[in-house]
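Working notes, beginning with the structure itself.
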Protein chains: 2
Amino acid sequence: MTGEENAQRMEKIVSLCKRRGFIFQSSEVYGGLNGVWDYGPLGVELKNNLKQYWWQVTVRERDDVVGLDGAILTHPAVLKASGHVDTFTDPMVDCRTCKTRLRADQLAEKKGIKQCPNCGGKDLTEARPFNLMFQTQMGASADPASIAYLRPETAQSIFVQFKNVLDVSRKKLPFGIAQIGKAFRNEINPRNFTFRSREFEQMELEYFCRPEQGMDLLAYWLKERIKFYEEIGISRKRLHILDVPEKERAFYSKGTFDIEYEFPFGRQELEGVAYRTDFDLQQHIKASGKALDYFDEETKERFVPHVVEPSAGVDRTVLALICDAYDEDSAPDEKGKMETRIVMRFHPRMAPVKCAIFPLLRNKEPLVAKAREVQALLRPHMNVFYDEGGAIGRRYRRQDEIGTPFGITIDFETLGEKGQELRDTVTLRDRDSMKQERVAIKDLPQLVSSKIR
Amino acid sequence: MTGEENAQRMEKIVSLCKRRGFIFQSSEVYGGLNGVWDYGPLGVELKNNLKQYWWQVTVRERDDVVGLDGAILTHPAVLKASGHVDTFTDPMVDCRTCKTRLRADQLAEKKGIKQCPNCGGKDLTEARPFNLMFQTQMGASADPASIAYLRPETAQSIFVQFKNVLDVSRKKLPFGIAQIGKAFRNEINPRNFTFRSREFEQMELEYFCRPEQGMDLLAYWLKERIKFYEEIGISRKRLHILDVPEKERAFYSKGTFDIEYEFPFGRQELEGVAYRTDFDLQQHIKASGKALDYFDEETKERFVPHVVEPSAGVDRTVLALICDAYDEDSAPDEKGKMETRIVMRFHPRMAPVKCAIFPLLRNKEPLVAKAREVQALLRPHMNVFYDEGGAIGRRYRRQDEIGTPFGITIDFETLGEKGQELRDTVTLRDRDSMKQERVAIKDLPQLVSSKIR
């Protein structure tokens, strides 16, 4: 696709997100808050499906990982030790002509001369470091001792609770601590829809191990994580693995892979899988004076574990799911004329609504009653949506546009009005092939459940 | 129970929460952050079970409620309109003797003279309002226009997105918008463990209706919410309903009920069910100039809906679950001697671990292999825990202490070594009665699943 086609595609995606209630600009009625987003009725279901599946495969299905849910408000000592207070900065430049503040790496350049990309001005200040953490005051007094930060990553909550979790969980190395939660970065130029936001959610695993296991586990987790993206329905061909060169890695990392996705706005990072060595724990040991180490009962050694960190962005992955799912094809309208159909090809596991239930006609009470029965039958097992409004083709189309994988229609055959053979059967329509099959109502829970797990 | 007994009980609960990994002090290795808590491996599972069950019954099982997930960072105009910027304050008094800052309503009083409860001093300042919102700076500049707040309640996200959600969801009145998310209040004196925290999570429903439906729906939602607490296993006898008198209600509320729980530290609010009239929407209409109203297609009227709000605290409900579950009884130790048993009597629906799986002996490979098979069989359906360490009685006791409702032991009978009759059966132990029954492995998924839903 050309750049223009990609831009058009992205515009359609953003428009659908608002029109169908996936994502809204935050505080929109007051002009919006730049870089901050709200998830609408479908967005919150999609995001929850993603988070719950990650928790399922990362924590619940493994004996070697336990969960944690740390606070957002963070003691400054934690972020001093981790290096964030001193070095979590972007170099910033001010344009003296138009007064815009710019990230130094986003300046334009013409014949080797730096320019403001906004006004073209060349009167720029020197680059100065600008800390990306949000800070606030805690308690009633306003002295510097009362500063707290909104955490810039969930990882540090895990490192500072490492010893508590080790003590209560009785785990042996290698084992991991997983967390899903919000983090905040005061991005100077939030952009690309929800991709670079100031408030975002992370799904992070810190997997602790013996030093000699680090490189192997880095390779292991990279594979596991790629598998995860395939399992949620992201096309493998749009995923890329970047082996981050040493000079671009954090100085303490012995290896980092970025898992990137081809968004319409370019190839961008979804997740970093980093071998962080024992850097973080050592920093907190130094700063807190606490023994954040591990005692090996078999070898009688005491040492500080190393850590491999697969760190994924929830919002970025939701956006990748949406971009990957967006498709247009052709389908016949009510009169058989072919028209463009927008269809979100979500993996059934991720789809916000799993099954839509339609009585053929809304003014025919037995159809409606039967449809409500089917809804009650399926509801304990999955998120279902009941819709009786409008022509059946229009109702299918509305569900295609939000990616509902299955549509169930209750018609006169269901009521036994066309003979007993088809009584208590319904049509089950597949979103992608648009094919319909006749299925007994009693088989629906098992049949549909098996396709959405 | 006497005050002292209650204090002792609370001490035991707090101690168990740390010892077994329900709740840790946040940033503990750096001396802790006052009023901020982290949830450990069991705490996060318990909290997720609560949130998911609330979402299930409030959103997924209802046709008239949709979800939302709004941002924490909030545009100041939102909170100016809602009244929080101007009036969300506590009156504060400073003690000039010991320099403590106190909430005016927490002063001691002796013979009508106000005293500092800390030092007994009587030299106190006048009460001054202190805003409870956390504030931060967004963007690179430090001017007042860049102030953003951490939301003090999730409700306002819903009101400002009311029109967007109405447009995309095509709902008719009455209908609700539900949200689970974090909110922040700079409490001067955080206390009672996690009960009054600075960072907390809410489960809120804003249920919009016609003005004449408000009082009936207030009564309806109060009943629904009491039912909810019973369904998650909170004893009805420790729940109380407070009909908040008019002079203590917000001035715009036509009726408010507090649902209170008898904590060991006193009777305290878990949830407020408030009829807020159209106050919030009207405020945002005035401040934003946007038409946040509703058009009734049948009556052709256009009006601003009223709202009934059941607003529950996640952390408070988790704490109530823990306090309600904590119990001590007697059980025989390895030698048959009776000893005190700590048992968390969580409702199986809420219990962090549903089922523990024990091979009788860890050094007998066929027992271990069979136990792993049972674990794999149950894992897709529930959170299970495998434990092979120590005497079986000790293992039961460890699970009782975290409230695991079911224990499965794989023994020599399971392997068919005591005859074919009991081959492929296990003992299923009930946490509360400590009774054991013999169950076929193949029946376990259905049997245990039916008890935890």
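What follows draws every value from the coordinates through simple rules; no lab data is involved. Just so it is clear, the structure is predicted and the values come from calculations on it, not from any experiment. We place every Cβ from the backbone using ideal geometry, glycine too, and count neighbours over all the protein chains shown.
Worth pointing out:
- Sorted largest first, extent of chain A alpha carbons per principal axis (Å): 80, 66, 48
- Rotationally averaged projected area of region A:218-304 (alpha carbon convex hull; nm²): 8.4
- Folded to 0 to 90 degrees: helix B:314-325 orientation relative to chain B principal axis, Cα: 40
- For region B:160-279, the Kirkwood estimate of hydrodynamic radius, built from reciprocal distances between every pair of different alpha carbons, is 16.2 Å.
- Only Cα pairs under 8 Å and 6+ residues apart enter the sum, and on that basis the relative contact order of region A:252-339 stands at 25 percent.
- Contact order relative to length of chain B, as percent, for alpha carbon pairs under 8 angstrom and 6 or more apart: 12
- Global size of the protein assembly as shown: 28.8, 91 Å for Rg and Dmax (C-alpha atoms, Rg to one decimal, Dmax whole).
- When the Cα positions of B:VAL374, B:GLY336, B:LEU444 are compared along the charge dipole of chain B, B:GLY336 comes out farthest toward the positive end, with charges on each C-beta of Lys, Arg, Asp and Glu.
- Of all DSSP beta bridges in chain A, antiparallel share, percent nearest 5: 85
- 10 Å Cβ neighbours from other chains, averaged over peptide A:171-178: 1
- Per-residue mean of C-beta atoms belonging to partner chains within 10 Å, peptide B:182-188: 3
- Overall, region A:1-114 carries a charge dipole of about 500 debye about its Cα centre when +1 sits on the Cβ of Lys and Arg and -1 on the Cβ of Asp and Glu, all other atoms neutral.
- Among beta bridges that DSSP assigns inside the protein assembly as shown, antiparallel share in %, nearest 5: 85
- Tilt relative to chain A, helix A:392-402 - C-alpha long axis, 0 to 90 degrees, to 10: 10
- 5 Å binning of all Cα-Cα separations within region B:107-207, expressed as whole percents from 0 upward: 2, 10, 12, 13, 14, 13, 11, 10, 7, 4, 3, 1, 0
- Neighbouring partner chain Cβ atoms per residue of B:62-68, average, 10 Å criterion: 5
- Region B:3-98: C-alpha gyration tensor shape, a/c 1.5 cut-off, then a/b vs b/c: oblate
- Distance from the Cα centroid of region A:427-453 to that of region A:79-138 is 54 Å (rounded to whole angstrom).
- Percent antiparallel among DSSP beta bridges (both partners in region A:345-435, rounded to 5): 30
- The separation of region B:326-373 from region A:304-349, counted between C-alpha centres, amounts to 44 Å.
- Eligible lysines near A:LYS111 by straight Cα distance, threshold 22 Å, same-chain separation 8 or greater: A:LYS122
- For region B:296-424, alpha-carbon Rg over 2.2 N^0.38 Å: 1.64
- Positive-end extreme of charge dipole, the protein assembly as shown - chosen from B:VAL93, B:PHE265, A:GLY419 (charges on Cβ): B:VAL93
- Any cysteine of chain B lacking a neighbouring Cys Cβ under 4.7 Å - listed by number: B:CYS17, B:CYS209, B:CYS323, B:CYS355
- Dipole of region B:165-258 [Lys/Arg +1, Asp/Glu -1 at C-beta], most positive-end residue of B:SER169, B:TYR207, B:GLY181: B:GLY181
- Rough spin-label spacing in nm, given labels placed 7 Å along Cα→Cβ, for B:THR340 and A:ARG101: 5.8
- Cα gyration tensor category, rounded, prolate or oblate, for region A:358-450 with a/c compared to 1.5: rounded
- Label point 7 Å beyond Cα along the C-beta direction, distances from B:TYR252 to other copies (nm, shortest first): 4.8
- Straight-line reach from B:LYS80: taking Cα to Cα under 18 Å and skipping same-chain neighbours fewer than 8 places apart, the aspartates and glutamates in range are A:GLU28, B:ASP90, B:ASP143, B:GLU153, B:ASP278, B:ASP280.
- Total charge dipole magnitude, chain B, about the Cα centre, Cβ charges on Lys, Arg, Asp, Glu only, Debye to nearest 20: 760
- Placing +1 on each Lys and Arg Cβ and -1 on each Asp and Glu Cβ, with no other charges, gives the protein assembly as shown a dipole about its Cα centre of roughly 320 debye.
- Among the listed pairs A:LYS172/B:LYS237; A:LYS51/A:LYS370; A:LYS451/B:LYS51; A:LYS435/B:LYS300; A:LYS171/A:LYS451, those beyond 32 Å (Cα-Cα): A:LYS172/B:LYS237; A:LYS51/A:LYS370; A:LYS435/B:LYS300; A:LYS171/A:LYS451
- Cα gyration tensor category, rounded, prolate or oblate, for region B:251-350 with a/c compared to 1.5: prolate
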